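Quick notes on the structure that follows.
The values are calculated or read from the model by the stated rules, or taken from the named source; none is laboratory data. Values in this document were obtained by computation on a predicted structure and should not be read as measured data. Neighbour counts run over all protein chains shown; Cβ positions are idealised from the backbone, glycine included.
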């Protein structure tokens with residue numbers, strides 16, 4: 001207040017309105033995993049939560065994904081087997097592509113190493129630990145965790161639940177079921193049963209799991225060529241075998257050696273090789289040309305792009321190999337897409353909307369076809385550890401078809417949107433009430449706090465987050481001596497506030513009853529004989 005010493009006019013402005021409560025962010029995930037690099041200029045971003053607002057920013061700070069690398073093994077008769085190399089088994093990069101394809105926005109990245117270090121439990125645990133001090137993230141996702149062995153993956157998942165439900169109490173975890181590309185077997189090796197047994201029993205309301213993996217379109221065919229095969233000599237062998245069958249009727253094969261005669265010295269000499277069927281000179285010439293082109297895989301002659309196009313033109317096996325590689329690298333965990341769905345729903349509707357019955361972009365189909373019968377156990381297990389299904393529907397596409405937390409037996413916290421709505425309200429009110437720390441613990445302060453909270457909850461009710469035909473039915477805020485505090489609390493400097501909420505729950509099950517009924521008899525008094533109308537009609541009645 002200005003000192004009134006000099007004669008004059010003094011202007012003083014008073015605040016007419018109480019402080020407001022600002023909704024805490026709910027759609028900002030933190031992704032933990034491996035990247036090509038982690039630097040901003042000369043500053044290292046390793047093991048540091050760093051916010052990025054677009055996929056372009058992610059590329060600038062963390063680089064591109066791992067090189068797609070497979071090894072091939074010839075099995076004879078132009079048959080083969082493919083195996084992905086360890087340096088390619090990292091999911092964070094492509095999960096970010098799925099995240100932005102499905103409506104994602106700002107997020108945090110914690111890079112715990114590069115692609116040469118391999119996936120280690122201690123790396124992921126260290127990345128989770130540094131997230132504690134970061135206040136903005138509201139979701140936790142680690143797509144690389146599924147490549148740990150089962151026991152280590154489950155240990156990490158328990159750490160994440162502990163991080164969300166005990167250490168921070170302000171964020172929600174997204175999980176993939178390890179081995180999510182496999183169907184259910186309902187025995188000791190069943191992937192769902194192993195997940196439920198391993199995830200533990202603590203803080204289950206702070207996480208949700210999704211099954212199965214997704215067949216995506218993130219990696220295009222233009223990104224796949226023979227250069228993604230690490231052992232090209234073996235690839236050339238497979239393709240040459242195919243050409244021999246195509247042009248020559250099959251490769252020459254040695255005839256079986258005759259058994260050695262009794263008393264003879266040494267084994268009998270092998271018989272001469274069985275000659276391949278005779279072919280005409282023109283066919284032989286075509287085979288020689290194809291073989292020469294295939295052998296460029298080993299000699300590295302010519303342009304790689306030209307060789308790739310030529311191999312596609314002359315070999316169906318080569319095209320099949322590229323398709324198989326593409327399918328394998330596009331088989332991905334769900335958490336990237338699911339985090340994008342959460343962000344999209346939160347931004348367009350609100351955190352109170354269940355993130356389900358939403359279509360997934362850049363996804364062809366789930367890796368396992370889930371039927372209604374299969375989903376019964378996923379959604380309503382005896383132990384309550386629900387797993388949300390991703391299903392494909394004719395005419396609708398691939399949809400998220402579940403909205404339950406891992407604490408499915410809890411009436412309070414079984415639904416994802418209820419748990420996350422309460423988290424958002426708790427953090428919003430907490431941040432606003434921090435402004436009143438060290439203010440006088442008097443009825444005037446209590447009134448300001450109550451009005452601020454009530455105004456915020458009224459706005460939440462208007463948006464449909466709270467259930468009730470009026471604000472009085474949707475929430476109640478109590479504060480003051482006799483309600484929440486005693487005189488001793490005031491003397492001890494304690495202000496207690498109680499907030500009662502009616503949070504809207506999703507209509508998970510909709511039951512429509514149909515019943516037939518008999519045809520009702522016609523009332524003959526309505527019409528006269530011979531189709532004439534009754535007394536009140538315009539025709540046939542007396543005036």
## Note on the structure
Picking from 278, 286, 265, 261, the residue that is at negative phi and modelled with pLDDT of 90 or more would be 286
#### Entry: Residue match in region 519-528 (condition: in a loop (DSSP other than H, G, I, E, B), at pLDDT 85 or above and within 53 Å of the chain's Cα centre (by Cα))
no
### Task
Being touching a residue at least 24 places away in the same chain (Cβ under 8 Å) and in a strand (DSSP E or B) narrows it down to one of 351, 400, 368, so name that one.
400
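A quick yes/no check of all residues on (1) out of contact with any helix residue (DSSP H, G or I) (no Cβ under 7 Å at 6 or more places or on another chain); (2) free of Cβ contacts under 8 Å to residues at least 40 places away in the same chain:
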residue	(1), (2)
118	no, yes
125	no, yes
128	no, no
159	no, yes
174	no, no
213	yes, no
### Query
Taking residue 144, is it assigned by TED's automatic domain parsing to the domain that holds residue 371 and out of contact with any strand residue (DSSP E or B) (no Cβ under 8 Å at 6 or more places or on another chain)?
no
### Query
Quick one: which of 348, 383, 388, 379 is surrounded by fewer than 16 Cβ atoms within 10 Å (Cβ to Cβ) and either assigned by TED's automatic domain parsing to the domain that holds residue 506 or closer than 18 Å to residue 417 by Cβ (or both)?
348
### Query
Can we say residue 52 is outside the structural domain of residue 122 (by TED's automatic domain parsing), surrounded by 11 or more Cβ atoms within 10 Å (Cβ to Cβ) and in contact with a helix residue (DSSP H, G or I) (Cβ under 8 Å, 6 or more places away or on another chain)?
no
### Query
Within region 302-318, can one find any residue that is at pLDDT below 90, over 17 Å from residue 245 (Cβ atoms), touching a helix residue (DSSP H, G or I) at 6+ places or on another chain (Cβ under 8 Å) and loosely packed, with under 14 Cβ neighbours inside 10 Å?
yes
### Summary
Among residues of region 12-44 being modelled with pLDDT under 85 and exposed (fewer than 10 other Cβ atoms within 10 Å of the Cβ), the residue farthest from residue 457 (Cα to Cα) is 12
### Task
Name the one entry in 144, 159 that is at pLDDT 95 or above and either more than 19 Å from the chain's Cα centre (by Cα) or over 22 Å from residue 340 (Cβ atoms) (or both).
159
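Okay, residues lined up against (1) at pLDDT 95 or above; (2) out of contact with any helix residue (DSSP H, G or I) (no Cβ under 9 Å at 6 or more places or on another chain):
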residue	(1), (2)
189	no, yes
195	yes, no
205	yes, no
209	yes, no
220	no, no
### Query
In the set 360, 364, which member is surrounded by 22 or more Cβ atoms within 10 Å (Cβ to Cβ), within 30 Å of residue 225 (Cβ to Cβ) and modelled with pLDDT of 95 or more?
360
### Summary
Considering residues that are touching a strand residue (DSSP E or B) at 6+ places or on another chain (Cβ under 7 Å), without any contact (Cβ under 8 Å) to a residue 60 or more places away in the chain and over 23 Å from residue 437 (Cβ atoms), the number found within region 468-517 is 5
### Query
Can you tell me which residues in region 121-137 are in contact with a strand residue (DSSP E or B) (Cβ under 8 Å, 6 or more places away or on another chain) and within 20 Å of residue 26 (Cα to Cα)?
128, 130, 131, 134, 136, 137
### Message
Whether any residue in region 327-341 is surrounded by fewer than 17 Cβ atoms within 10 Å (Cβ to Cβ), closer than 28 Å to residue 96 by Cα, free of Cβ contacts under 8 Å to residues at least 24 places away in the same chain and out of contact with any helix residue (DSSP H, G or I) (no Cβ under 7 Å at 6 or more places or on another chain) is what I want to check.
### Response
no
### Test for residue 118: is it within 16 Å of residue 36 (Cβ to Cβ) and either modelled with pLDDT under 95 or surrounded by fewer than 18 Cβ atoms within 10 Å (Cβ to Cβ) (or both)
yes
